[in-house]
Amino acid sequence: MSSDPAIPSSNDKELVARTQGGDPGAFDELILKYTPRLYGLVYHMTSNHEDTNDLLQDIFSKAYRSIVNFRGNSSFYTWMHSIAVNMTINFLKKRNRRQHPSLNDPDSNIENDPDFIAATSNGDPTKEVSIHELQKKLNASMQKLSHDHRIVVTMFDIQGIPHAEIAKILKISEGTVRSRLFYAHRQLQNSLHEFKRN
Amino acid sequence: MILMETGNGMGHEPMHKIIKLKRYEKPPEGYYEDFLREFHRRQRAEMLAPSLSAMIMERLSGLIPELRVPAMAFACVAAVAMIVSVAIIRDTPRQTIPHAYSVSYAQPRPYSQAPVTIQNMQPVSLRVDADPQNQPQAAPILFPPSYLLQAPLATHESPLSF
């Protein structure tokens, strides 16, 4: 497993082995460990909290049923993310145009983030953009992206997963990851054109 | 405000910074603990709720004893099916004319000649010129003419020598 901080690197192998040996408590530990990361992945793809919750339950349920077949050819992290990505994309294809965003409130810490301050005010109170306005804009821009582009933006920009790991999860080349990011950023740039430095 | 640079691939850092702000969108407090409890509840519900195939099997197993079909009835049905299939196979003509050929196929007309009796019979020769009225003048041809490909003459000269 990579030593990158974005990727949890602890006793996954042991927990997987214990789960395969019939210890459900070990899988509980895996759930607690991976839920926050996978929640982010699914939530930023669906833009809906309730859908994310249901989908995440299905993802862990499938992982629990399939873990006996997990041979460790890839890391558990990669395997788990692959399941989540595939199920999320299948879900989005079925959901099609039924779009009812149900967004979570941003953490209050966002107000102290220098990037947020720079993006929203630039010291001019008359031009200040509310958190919710920014959130709405970001969400709308993300939803305009194709599933393939949105998934790489979610994993790279929001979750901080390195290109190489994204390539493994999506079973594509690193070059393809970079290319998709480039085009996704360009599209987002057009959507968020109002957030420009004067 | 953050500059949205265009063009080269290095100009996407500002975009990365803005998108990164979505990290602050978090589920309600205590969500992750509740999630595990919900997972356990669903697992138990899944175990208790029978699957569709299990339900069908259960229904069938419940239905068959109610029918009270004697055990030998199945053997009788199997035997009858076997007899019927053998009869169908035997009745099927061995040489069937495919439908595609039936248009051009003509039934042979019955011969109108008188029946052959032992008195009318004459010796038959396999010779081609065997005609009882004309006796052969030249050497008899014993076999029907055959055609042989003429082999080229063997020569030691090169055929393309100039």
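The values are calculated or read from the model by the stated rules, or taken from the named source; none is laboratory data. On a predicted model such as this, the values are computed, not experimentally measured, just so you know. Cβ: placed from backbone, ideal geometry, glycine included. Neighbour counts: every protein chain shown.
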Would you pick out the residues in the range B:13-39 that are facing another protein chain (nearest Cβ under 9 Å) and farther than 20 Å from A:H49 by Cα? B:P14, B:M15, B:H16, B:K17, B:I18
Within the range A:161-198, residues within 14 Å of another protein chain (Cβ to nearest Cβ), within 16 Å of A:V85 (Cβ to Cβ) and touching a residue at least 60 places away in the same chain (Cβ under 8 Å) come out as A:I161, A:P162
It is to be established whether one or more residues within the range A:100-121 are out of contact with any Asp or Glu (no Cβ under 7 Å at 6 or more places or on another chain), at pLDDT 80 or above and surrounded by 12 or more Cβ atoms within 10 Å (Cβ to Cβ). no
Under the condition of being of a type in the set (S, T, Y) and either outside any helix (DSSP H, G or I) or in contact with a helix residue (DSSP H, G or I) (Cβ under 7 Å, 6 or more places away or on another chain) (or both), which residue from the range B:15-54 is surrounded by the fewest Cβ atoms within 10 Å (Cβ to Cβ)? B:S51
Taking only the range A:145-198 into account, find how many residues are in a loop (DSSP other than H, G, I, E, B), at negative phi and among the basic types (K, R). 2
On the basis of being over 23 Å from A:N90 (Cα atoms), in contact with an Asp or Glu (Cβ under 8 Å, 6 or more places away or on another chain) and not assigned by TED's automatic domain parsing to the domain that holds A:Q135, does A:L32 make the cut? no
Among the residues of the range A:55-77, count how many are part of a helix (DSSP H, G or I), surrounded by fewer than 18 Cβ atoms within 10 Å (Cβ to Cβ) and touching a residue at least 60 places away in the same chain (Cβ under 8 Å). 0
